[in-house]
Structures are given as C-alpha cells and as structure tokens.
Amino acid sequence: MDYIRESDANVITKKYLDSILIEPRYIDSKVADTKTEFFGEVFDSPVMTPAFSHLKNYNNRPLTGLEEYSIAAKECNILNFVGMMENDQFEKIVRTGAKTVRIVKPYKDNGKVKDQFAFAKEVGAFGIGMDIDHIFGEKGYDVVVGEDMTFQTTEMLAGYVQAYDLPFVVKGVLSVADALKCKEIGAKAIIISHHHGRIPYAVPPLMALPKIKEALKDTDIKIIVDCSIDSGADVFKALALGADAAAVGRSMMPSLEKDGTEGVKEFIGKVTSDLKYLMSSTGFDSVSKIDSSVLVTVSCPSP
Ligand SMILES: Cc1cc2nc3c(=O)[nH]c(=O)nc-3n(C[C@H](O)[C@H](O)[C@H](O)COP(=O)(O)O)c2cc1C
C-alpha cells in the first residue's frame with residue numbers, strides 16, 4: 001500500500017465529505033427531477049465528466065479513454081470536459097458530438113494558449129477555460145509533460161474572456177480572492193478544485209464552497225466542484241452547499257478502463273439515480289431547490 005502523507009489534500013477532502021450527513025424529509029416529497037440548466041442548455045444531470053488528459057486506449061479498444069468518456073457524456077446528455085491536449089485530439093473529441101468545455105493549460109507559450117482557444121471556437125467547443133492551479137511547480141513555474149507553464153494575470157484572463165465569445169471557465173479556484181477575480185474578468189463558471197492535491201493541506205472544495213458562493217451571490221457565475229466526488233451522495237452534498245454541478249473524476253476510471261463508453265454510462269447513470277433518490281428522500285424535487293438545511297456536519301476527524 002502506498003504511503004499517504006497526512007497533508008494529502010485527497011485524504012483531507014474525503015474525510016471532510018464523509019463528515020457531512022443528510023437528514024431525510026419523506027412527508028409531502030415526490031420523485032425528483034435531475035435536469036440541470038447550464039450555459040442556456042438543459043442537461044439530464046448536474047453530474048459532469050472531469051477535465052482529463054493523457055488517457056490511452058484501454059484493452060486494445062480503438063478509441064482513447066478521452067473519446068470513450070466523451071461519447072458517454074453525449075449519450076447521458078451531460079456536460080463534458082477535457083484537459084491538456086493538442087488540437088487534432090480536441091477535434092476528435094468534438095466529433096463525438098459531446099458538448100465539451102476545453103480546459104487549456106497556462107502554457108508559457110501564450111501563442112499556444114490563444115491558438116488552442118481559437119481552435120476550440122472554430123470546431124464548435126461549448127466553452128473554454130484554464131486550470132490556473134497548474135501554474136506553479138516545485139521548481140518555479142510548472143513543467144507538464146515537458147511543456148513549460150507560466151503566470152496568468154487578471155488582465156490576461158480577461159483578454160481570453162473577451163476574445164473568443166464562448167463561456168469561460170476558470171478551473172482550480174479554491175479561495176474567495178480568486179473567485180472575485182473570476183467575477184472581475186467575466187468568467188461564466190468556476191470549478192472549485194485542488195486538482196487531486198496540487199498543494200498539500202488544500203482546503204476541501206466543499207469547505208471552500210459556501211464562502212465562495214456568498215462572494216458570488218450577486219452574479220450568475222455557475223459553480224462546479226470536483227475532487228473525490230464518488231457518488232450521488234457526494235454530488236447531493238455539493239449541490240446542497242451551493243454548487244450548480246459536480247464532476248466525477250478518478251472514481252469513473254475503473255468503469256472506463258473496463259467497459260469504455262458503456263461503463264462510464266453505467267457509472268454516470270448510477271451516480272445520477274443515487275442523487276435523484278436522495279433528492280426525493282429530502283423533499284427537493286428539482287436540482288436548483290436543494291439547500292443546506294438537510295445537512296448535518298459532524299466534527300471532522302483528523303486524517
Ligand atoms: C489522468 C488525469 C489527467 C488529468 N488531466 C487534467 C488536465 O489536463 N487538465 C485539468 O484541468 N485537470 C486535469 N486533471 C484533474 C481532474 O480534472 C480533476 O480536477 C482531479 O482529478 C480531481 O478530481 P477527482 O478527485 O475526482 O479525480 C487530470 C486528472 C487525472 C487523474
């Protein structure tokens with residue numbers, strides 16, 4: 001078994017998620033509807049795919065894992081995300097027909113950033129964005145799969161928002177300070193995330209969520225959360241604390257590797273039906289109505 005440091009944000013996040021309990025309200029409740037509006041489209045579920053990259057062809061199947069889960073997203077009618085990749089790969093993702101947000105890395109070569117955003121627009125991306133939590137690495141600016149990253153200023157981000165006329169999503173927001181800058185630049189959504197533990201002791205996304213929600217309350221910025229979201233109960237807790245949607249990430253990998261598109265469809269279906277069951281059992285018949293009055297937080301045990 002791998003040695004897990006106490007400072008591991010993944011461990012801290014999972015413990016925090018599990019410290020939140022749910023109180024049922026059966027009387028007068030009806031079977032809930034999980035439909036979710038996002039950027040003017042109606043999706044069947046507030047569950048989203050993660051911005052993943054570098055997934056290979058599993059079990060010698062002809063499509064990469066990225067294409068397989070994108071097809072699953074289309075067939076489940078949920079919003080799809082992808083991360084670091086070249087334009088030819090992104091074109092293949094768009095060809096799956098999935099409504100896809102392309103998260104571009106903060107490349108040092110700013111021409112590459114702009115080229116990837118422009119290409120995304122040209123081939124029909126549903127949205128674009130950047131994972132700001134990959135700017136720094138242990139030796140200064142990060143190097144990701146051999147590619148240099150660099151700083152991003154408020155002005156640079158505002159420039160991307162203005163240039164491409166697509167909804168812009170900032171991924172890796174974990175503080176009110178960054179959330180307010182996302183508001184300033186005109187972002188349409190943020191993903192509250194520590195990117196599976198980019199920094200030690202990162203605040204669990206669900207712990208940061210209520211303060212960020214409050215800071216953005218006079219805006220229509222959508223809030224997505226990710227990190228250790230494994231079940232319908234995790235998604236329910238995120239929505240109750242103020243998120244509009246939640247992305248499953250590594251939790252969908254076993255289904256993806258084993259059964260490809262069908263496996264992911266089954267996994268997303270299970271997470272969504274568990275969410276629906278909890279919504280029905282707590283008296284919330286639609287996603288937008290879920291609130292935190294049904295949550296009980298027990299003291300979080302130390303990792
Ligand atoms: C194999 C893999 C590749 C990833 N690639 C990217 C990426 O290119 N861009 C990005 O923003 N996040 C990337 N992520 C981070 C995920 O989008 C997500 O934020 C993170 O895994 C936390 O969610 P989880 O705990 O549900 O896995 C990647 C994660 C994994 C496991």
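Starting from the range 6-21, keep only residues that are in contact (Cβ under 8 Å) with a residue 60 or more places away in the chain, then list their pairs with residues that are within 13 Å of the ligand (Cβ to nearest atom) and among the polar types (S, T, N, Q) whose Cβ atoms are within a distance under 8 Å, requiring at least 6 positions of separation or different chains.
Once the first residue is in contact (Cβ under 8 Å) with a residue 60 or more places away in the chain and sits in the range 6-21, its partners that are within 13 Å of the ligand (Cβ to nearest atom) and among the polar types (S, T, N, Q) give N10/S228; T13/S228; K14/S228; L17/S228.
Checking the conditions here, which among I224, I212 is within 25 Å of F168 (Cβ to Cβ) and either within 14 Å of the ligand (Cβ to nearest atom) or modelled with pLDDT under 95 (or both)?
Values: I212 fails: either within 14 Å of the ligand (Cβ to nearest atom) or modelled with pLDDT under 95 (or both).
So the residue among I224, I212 that is within 25 Å of F168 (Cβ to Cβ) and either within 14 Å of the ligand (Cβ to nearest atom) or modelled with pLDDT under 95 (or both) is I224.
Can you find a residue that is on the phi > 0 side of the Ramachandran plot and outside any loop (DSSP other than H, G, I, E, B) anywhere in the range 210-221?
Start the filter on the range 210-221 by keeping residues that are on the phi > 0 side of the Ramachandran plot, which leaves none.
Checked the range 210-221: no residue is on the phi > 0 side of the Ramachandran plot and outside any loop (DSSP other than H, G, I, E, B).
Enumerate the helices (runs of 4 or more DSSP H) found wholly within the range 1-111, keeping only those where 3 or more residues are open to solvent by less than 40 Å² (accessible area, probe 1.4 Å) and touching a helix residue (DSSP H, G or I) at 6+ places or on another chain (Cβ under 6 Å).
Details: elements: 9-18, 65-76, 87-95.
Helices (runs of 4 or more DSSP H) meeting the threshold: 65-76, 87-95.
Can you tell me which residue among N87, N57 is within 16 Å of the ligand (Cβ to nearest atom) and free of Cβ contacts under 8 Å to residues at least 24 places away in the same chain?
On the way: N87 fails: free of Cβ contacts under 8 Å to residues at least 24 places away in the same chain.
After ruling out the rest, the residue left standing is N57.
What are the pairs, 6+ residues apart or on separate chains, where a residue within the range 120-144 that is surrounded by 21 or more Cβ atoms within 10 Å (Cβ to Cβ) has its Cβ under 7 Å from a residue that is of a type outside the set (S, T, Y) and part of a helix (DSSP H, G or I)?
From the range 120-144, the pairs are A120/F90; A125/V94; I128/F117; I128/A120.
I need the full set of residues from the range 168-180 which are more than 16 Å from the ligand (Cβ to nearest atom) and buried (at least 20 other Cβ atoms within 10 Å of the Cβ), in order please.
Passing the criteria: only A179.
Does I224 count as on the phi < 0 side of the Ramachandran plot, over 15 Å from the mean Cα position of the chain (by Cα) and crowded, with 24+ Cβ neighbours inside 10 Å?
Considered against the rule, which asks whether it is on the phi < 0 side of the Ramachandran plot, over 15 Å from the mean Cα position of the chain (by Cα) and crowded, with 24+ Cβ neighbours inside 10 Å, I224 comes out as no.
With (1) within 14 Å of the ligand (Cβ to nearest atom); (2) within 29 Å of A72 (Cβ to Cβ); (3) more than 15 Å from the chain's Cα centre (by Cα) as the list, and D230 as the residue in question, which single condition is left unmet?
So the condition that D230 fails would be (3).
Pull up the range 243-267, narrow it to residues that are within 20 Å of I192 (Cα to Cα) and assigned to a helix (DSSP H, G or I), then point me to the one that is nearest to the ligand (Cβ to nearest atom). Show your work before the answer.
Let us first name the residues in the range 243-267 that are within 20 Å of I192 (Cα to Cα), namely 243-252.
Filter again for assigned to a helix (DSSP H, G or I), leaving 250-252.
Details: R250: 4, S251: 6, M252: 8 Å.
Once the filter is applied, the top-ranked residue is R250.
The values are calculated or read from the model by the stated rules, or taken from the named source; none is laboratory data. It should be emphasised that the depicted structure is a prediction, and the values quoted were computed from it without experimental measurement. Because the Cβ atoms are built from the backbone with ideal geometry, glycine has one as well, and the counts that use them run over all protein chains shown. Accessible surface areas use protein heavy atoms only, side chains included; no ligands, DNA or RNA. Shrake-Rupley method; radii C 1.70, N 1.55, O 1.52, S 1.80 Å.
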